[in-house]
Structures are given as C-alpha cells and as structure tokens.
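Before any comments, here is the structure.
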C-alpha cells in the first residue's frame, strides 16, 4: 500500500512540476509576444507605445501578462500635437480551465487626448478573446490566432474630460475566424460586426435638429475573404511597414502588388451590410472575384424601403437638402417603386465583368480592363508649366538684338 501511495504522490508532484513549468513557459511566450508587438508597432514611426512596467501573474491557474499604464501615441500630422490613447492597464490572460483561449482584459475607461481636447470612452461588460492555434503553441513562426470575439455594452463617448456625452451605443459585438489553410477556394477570413442603439446625445440631437432622435437602430456588417493564408497578409503588412511613411508611391506599390498576387491566387471577397435608420431598412451586398486574366467580375445588390418617409423627415429637419434629395430621386427613378406596405422602395442589382456593367439587366457602361502594371508603377505626375496652367511648355521670346555701335567718324 505504501508503494502505491508513493507512486501516486510522485505522479502528483511530477504533474504539478510539469504544470508549473508549462505555466511559466506560457507566460514567457506571452510576454515575448507582447514586447514583440510593441516593438513592431513602434517601428512604424508614427505610432509609439510606452508603459510604466510589465508584470506576470502569480497564480498557476492563469497565465497573465499585464502592461501597467500603457499609452499609444499616434502622430497624424508632423509638427502637430499627437493623439494619445491611455489605459490604466492592458492584459493578456489564459485560464487553466480553457487553455486555448487568450482573453484581453481592458479597464472600464479609455482616455483619449488630442489637440482639440480630452475625451474618454467608457463601457460595461467588455469581453475580448482570441482563439489560439494549437500548432502555434510550440512554434513561434506560425500566426498564433485562428479566431476572435469581442463584445461590450453601454458604450459612451465623453468629451470635455468626460463631462459631456457625445455618443452612446447600447451594444457592440464582433466575431472573426481565420483559417491557416487558405488557398484552393477556402475561406481565409470571415468576420461579423454588429452595433445596436448608436445615438448622439439628446443635447447634440436637439442642437443640430438631427432626425430620428439622432439614432441608428442597427448596423450589421459581414466580410468574407478567400485566398492565401493569414501569413500572406502578415508578410504584406511587414513589407508595408518597412516602407517610410513619407514614400507614398512605394506604399501604394506594395499594396497593389499584394492585391495583384492575392487576385492571381484565386482571391475573392464578399460583404453584406444591414442598416436600420428611422423608418428605413437598407440591405446591401457585394462580391468580387477574378477571371483567368486577373480581371475583376462580381455583383452588388442594394435594397431599401420607406424612402419617402425617410427623405421627408430629412428635408423637414434640413430644408436646404431638398434640391439634393430631388436630384437623388431623379437619378434613382429607374430603380424606385412604391407599395402600400413598404412605401417607396429601391432595388438595384449590378453585375460587372467581361468588359460590361449591367444594372437590373440593362447595360449601363463599358468596364475598362485593369492594368496591373500601370497601377503598380504609375507614371509620374505631369509637370504643370508656368503661365496659363494649360501644361504646355512656354518658351520665353529671345531678346531683341542690340543695334550695332556706330564706327568712329561716321554719321548716323
């Protein structure tokens, strides 16, 4: 019996030691990942991340790495005061009960300082987490995440050092998944976002006479991307960040080359938007793919209802928009209809590809081919000649020849 007890005790000690070692290793990997993220972010030049200290957790039931008083300083325009985002803390946490999920712990308030003044963002029940890829646990070269979730409630944007409500959101949610496989028609990225009850403060709504109580009832967005795996996009971001921010031509070239390569690898994408404002509901979706010649083709659909009630409320609040509304209605008249249930409706179905653009079954224009070489290597901007701005070179007239001097002793 004593031998059995000794064996069990030995196994418990070994398992405990192994768990402590794994916990210590996990915290080390997390701290290295956090410092690497800070270095990569700060290397961009326009963004600098600073903090008072970085600490590790003390409980073996959770691997935790925390930044104390982190600040992100973003310089948007050289010479002007930067935007500073400050938090009391920022932590990565992995619980022993769910080791493949990394939680991001945020404080209930984020402070933002700009040259226009100070603001704050407050929220309740904020939850952010990322799904870890098991293959990346012991391989630092693999992108470590395969999905993410985020949610928050009672979100407020406050100005004047937190004393003036500017914007309120009832709820926000986000969900995304990543596939390490990619290629061969597989979905690499899929994400969904929702906002409910987005509204300006009652004070601003009243001052600006915003219709619909300054409220967007619902906003939903989904995005799906097919193509190469996440590592491809990570490499593209690294190439982009390696280019000096002042070299816009080089940045554009990196992005266009990346998009071109994505298109040649059977890249495609689709998106869907759902928007409810006042009496109207707008639904829009679009999809794009590329043919054998790497030329785009796809579809887009837009529907909306109760546009008559929507435009009436808009022009009642802002009479100066009446002409703009009339012009928009005249332009969209071929795609408008009316019925008792939904009022004035909009329905547009657009198809493009093979050199044409069709709307609701009718050709509306030609579709010129995409010249990837020109996009990647755009010609230098034309030099504007002085004078009338026509661009034509202006050659100044030659000076008139001076009269030859008279010889001594001769008369004129």
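The values are calculated or read from the model by the stated rules, or taken from the named source; none is laboratory data. The shown structure was predicted, so the numbers you read here are calculated from the model rather than taken from an experiment. Because the Cβ atoms are built from the backbone with ideal geometry, glycine has one as well, and the counts that use them run over all protein chains shown.
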Residue count for the stretch 68-111, restricted to those that are part of a loop (DSSP other than H, G, I, E, B) and either at pLDDT 90 or above or closer than 15 Å to residue 131 by Cα (or both): 12
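Quick test for you: out of 170, 161, pick the one residue that is part of a strand (DSSP E or B), surrounded by fewer than 17 Cβ atoms within 10 Å (Cβ to Cβ) and in contact (Cβ under 8 Å) with a residue 24 or more places away in the chain. Reasoning before the result, please.
Details: 161 fails: part of a strand (DSSP E or B).
Just one listed residue meets the conditions, 170.
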Pair list, Cβ under 6 Å, 6 or more apart: the stretch 61-85 residue farther than 15 Å from residue 117 by Cα, other residue exposed (fewer than 13 other Cβ atoms within 10 Å of the Cβ) and at pLDDT 90 or above: 68/52; 68/53; 69/52
Single unsatisfied condition, residue 187 versus (1) surrounded by 15 or more Cβ atoms within 10 Å (Cβ to Cβ); (2) touching a residue at least 40 places away in the same chain (Cβ under 8 Å); (3) in contact with a strand residue (DSSP E or B) (Cβ under 7 Å, 6 or more places away or on another chain): (2)
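Can you pull out the residues in the stretch 211-228 that are within 11 Å of residue 278 (Cα to Cα) and either touching a strand residue (DSSP E or B) at 6+ places or on another chain (Cβ under 8 Å) or surrounded by fewer than 16 Cβ atoms within 10 Å (Cβ to Cβ) (or both)?
Of the residues in the stretch 211-228, the ones within 11 Å of residue 278 (Cα to Cα) are 211-218.
Those that are within 11 Å of residue 278 (Cα to Cα) and either touching a strand residue (DSSP E or B) at 6+ places or on another chain (Cβ under 8 Å) or surrounded by fewer than 16 Cβ atoms within 10 Å (Cβ to Cβ) (or both): 212, 213, 214, 215, 216, 217, 218.
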Some residue of the stretch 4-16 being surrounded by fewer than 10 Cβ atoms within 10 Å (Cβ to Cβ) and either part of a helix (DSSP H, G or I) or at pLDDT 75 or above (or both): yes
Single match in 126, 148, 120 (criterion: out of contact with any helix residue (DSSP H, G or I) (no Cβ under 9 Å at 6 or more places or on another chain), within 30 Å of residue 264 (Cα to Cα) and in a strand (DSSP E or B)): 148
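Farther than 30 Å from residue 374 by Cβ, in contact (Cβ under 8 Å) with a residue 24 or more places away in the chain, in contact with a strand residue (DSSP E or B) (Cβ under 9 Å, 6 or more places away or on another chain) and exposed (fewer than 14 other Cβ atoms within 10 Å of the Cβ): does that describe residue 316?
Values: farther than 30 Å from residue 374 by Cβ: yes; in contact (Cβ under 8 Å) with a residue 24 or more places away in the chain: yes; in contact with a strand residue (DSSP E or B) (Cβ under 9 Å, 6 or more places away or on another chain): no; exposed (fewer than 14 other Cβ atoms within 10 Å of the Cβ): yes.
So residue 316 does not fit the description; no.
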